[in-house]
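These notes are about the structure you will find just below.
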Amino acid sequence: MAKNRSRRLRKKMHIDEFQELGFSVAWRFPEGTSEEQIDKTVDDFINDVIEPNKLAFDGSGYLGLGRADLYAGNR
């Protein structure tokens, strides 16, 4: 049975008209993909999906450019 809640309480509980939905996106690019191509893919996603639907987007990335010995210069 649905409860009658005040607008303030619905907002605090993020329910009904204050409900927030989200989804995750993950990309894996082949080794050797240029940084420019990665930027274009993400920009296209924002322009074609996020902005037309008035969504918010937050993200980060890791390019995995390889590893280096931090102490090589100290040897």
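General observations
- Our estimate of slack between residue 37 and residue 60, defined as 0.36 nm per intervening residue step minus the Cα-Cα distance, is 6.7 nm.
- Label zone at residue 50, where the point sits 7 Å out along the Cα-to-Cβ direction: the stretch 1-39 residues whose backbone N lies under 14 Å: 23-27, 39
- Estimated translational D of the stretch 7-56 in µm²/s (Stokes, Kirkwood radius over Cα pairs; 4 °C; 1.567 mPa s): 95
Each value in this text was obtained by applying a stated rule to the coordinates, not by laboratory testing. Since the model is a prediction, treat every value here as computed from it, not as a measurement. Neighbour counts run over all protein chains shown; Cβ positions are idealised from the backbone, glycine included.
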